[in-house]
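Okay, so here's the structure we're looking at.
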Amino acid sequence: MTADQAGTTTDHAGKSRTWKDRLTRRRAGKDEAGKGRGDEPAGGETEQQEPAAEADPWTSFAPAPEPVPGRPGRAARATGRFLVHEWTLAVLASLALAVGMTWPTLRYPLYTLPQDYWDPSLQAWQMAWSGHALRTNPGQLFQSNTFFPEPWSFAFSDMLLGYAPAGLLGTGPDAAVLRYNIMFVLAHAMATFGAYVLARQWGAGRIGSAVAGVSYTYAPWLLAQAGHLHIVSNGGIPLALAMLARGHGWSLRHGYRPERRRVGWAYAGWAVAAWQLSLGFGIGLVFAYVLAVTLLVSAAVWFWQRRRRGRRPFGRRLFVADLVGGLLFAAVGALLAVPYFKVAELHPNAERTIGDIGVYSPPASGFFTAPAESRIWGGLHEGARATLPWHPEMTLLPGFVLYALAAGGLFFSVWRLRHRLWMLAGVLVTMVLAMGTRFFDGTFTYAPLFAHLPGFNGLRTPGRMMLWTTLLLALLAAGAVSAFAQRVRELSTERVPARPAPWLRAATLLPLLLVVVEGLNTTPHPVVPEQPAAMRTVDGPLLVLPSSQNQDQPVMLWSTSRFPQVVNGGSGFTPKQLDDVRRVTAAFPDQTSVDYLRTLGVRNVVVLRDQIVGTPWEVTVDAPVDQLGITRQQVGNAVVFRL
């Protein structure tokens, strides 16, 4: 046997062997020699072992085996992969951006509320009440402690029921305000993440999807809705659509890919959709109709493919998932609709008319007018806002940058032409619907929906249809920015080294920077009125004076300490009985008002001294009450009358 310079040997039979062959033979020989005595054949005869091969010096040059990581090492690697995953980074970026774009919401989260302290106080109470009811008596969820003695009072406005788990944490007004501010920031983060995920699932690039997420969440028109948490909480819409698309293996860019179907994602999508609906019908109703139409079209395609081509495009399991998920969504909607039907039956004055819709219907100029809260356009559009009858619901500018990017997306995009045209049609249709009765009196647009679609007559502000316009514009913009980023990558491959120039990198980030800047706000954050000491000690049922729509909403917040029954309440409409209470008690304390309140079951009346300046109560609060059979007591800055 001889060896050449390459480490190859030749045995006596003339066969060439490398050092790897010899190493394998030597290991095989050792394995044979290492067998136990129990392997010897019967009769005591043993096989003669071949002599061990000589040690090969070339084995020292063999690569060392890779070390097998232990359990801590594998856990560390998995954690590292999770932390740098695209979805993790998207969540963290959405949270960081939400904190910055809503600042100073979290600067003094125990004392201030965004926009004003009227509707936010109402919604802070809603979350607190739902948590309190779930913890104490879930069966009385819709029979809230406000608007005493009205039944079903929790359904007098959108309930934010999906946030009930947050209401389980903490008690009192301070906890309610803190909870509201946290959910306000998280709602913005979820909207950004949801729109980003939808654009990515549909086939957009990372930068394009980021543009979609930011422009959908921080469109200037939404700044006027900062005091309406049920409108700002819209992230479940794009997130549910993204999950459903992922579950069905479908994307706008690549079409239907059966190998990418995931039944679990379909179930998750329907669950998120049901949760979004539980936040309120203000935007949830239109979402329900969009899902219903999508489900009907998908079912029609499923049956058509089965009959004409003999195959099921989605598969039986996915069809069952859609059936079960759709039924779950419908069941949640039906259960939530029951109390609203009860309210409509008991309070005919709560029903909207087409005339009410006309009051809140914006003109076409509203699509180019920004609210006062816009840092960039607010001051410049002051004159345009003055021409709008009700500018908080009529300043519907989604952003001039978004308009420009979406227009560019009609001509240069990663989406197919027919998809771009469908999105453009959706933009135009939703804009027309957002105009309510301003578009040819709504005769062939909004009015038929108002008259024939269940629930549409409960929507007061058609301008909120702009949410769907913004989403479609954001997806058009994502297609344009993704195509631009893709072109930059193609140009970079032609360079040496193959990487984009710094100015090209900056150019891809410019659209994202512009939509962020246009979304900057000057939203006020007023201090919440301090809770009177009497609200912590006086038992209900009680009435707090003065009483009005705006003044009653902080009273609802103050009642979260012990949730006593209070006559006060603020919502989308004023019940006739509460209107009567406010009229009769204008001269309180007098015999008529005292007798009327006793008839209702009211035991105590709290008059707030710091709010009665210039009202009749400024004089009557200290009038003699002996002849009325009631007592008076000063508690802090309030006067408590015990009936």
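Structure notes:
- Over the chain, equivalent-ellipsoid semi-axes from the Cα gyration tensor in Å: 65, 33, 25
- Positive end of the dipole of the chain (Cβ unit charges, origin at the Cα centre): among Phe440, Leu198, Thr560, the Cα lying farthest that way belongs to Leu198.
- The reciprocal of the average 1/r between distinct C-alpha atoms defines the Kirkwood hydrodynamic radius, which for region 390-433 equals 11.8 Å.
- Cβ-Cβ FRET estimate between Arg107 and Leu169, R0 fixed at 25 Å, reported to 0.05: 0.75
- Equivalent ellipsoid, region 290-438 (semi-axes from 5 times Cα gyration tensor eigenvalues, Å): 38, 28, 13
- Inter-site label distance for His452 and Arg598 at 7 Å from Cα along Cβ, in nm: 5.7 nm
- Positive-pole candidate from Phe329, Gly249, Tyr267, dipole of region 245-345, charges at beta carbon: Gly249
- Range in the chain, longest, excluding exposed chymotrypsin sites (Phe, Trp or Tyr not before Pro) [loop by DSSP; at most 10 other beta-carbon atoms within 10 Å]: 1-410
- Cα-based radius of gyration of region 180-292 once divided by 2.2 N^0.38 Å, which approximates compact folds: 1.07
- Computed magnitude of the charge dipole of the chain (debye, nearest 20; Cβ of K, R +1, Cβ of D, E -1): 2420 debye
- Considering only Pro138, Leu89, Thr585, and ranking their Cα positions along the charge dipole of the chain that arises from unit charges at the beta-carbon of Lys, Arg, Asp and Glu, the one farthest toward the positive end is Leu89.
- When the alpha carbon gyration tensor of region 446-556 is reduced to an equivalent ellipsoid, its three semi-axes come out at 53, 26, 10 angstrom, largest first.
- Spatial offset of region 122-169 relative to region 226-297 amounts to 26 Å, using the alpha carbon center of each.
- Rg ratio (alpha-carbon, reference 2.2 N^0.38 Å) - region 376-534: 1.40
Computed from the coordinates by the stated procedures, all read-outs in this text should not be read as laboratory data. Quick caveat, the model's predicted, so the values are computed rather than measured. Cβ coordinates were reconstructed from backbone atoms using ideal geometry, including for glycine residues, and neighbour counts include every protein chain displayed.
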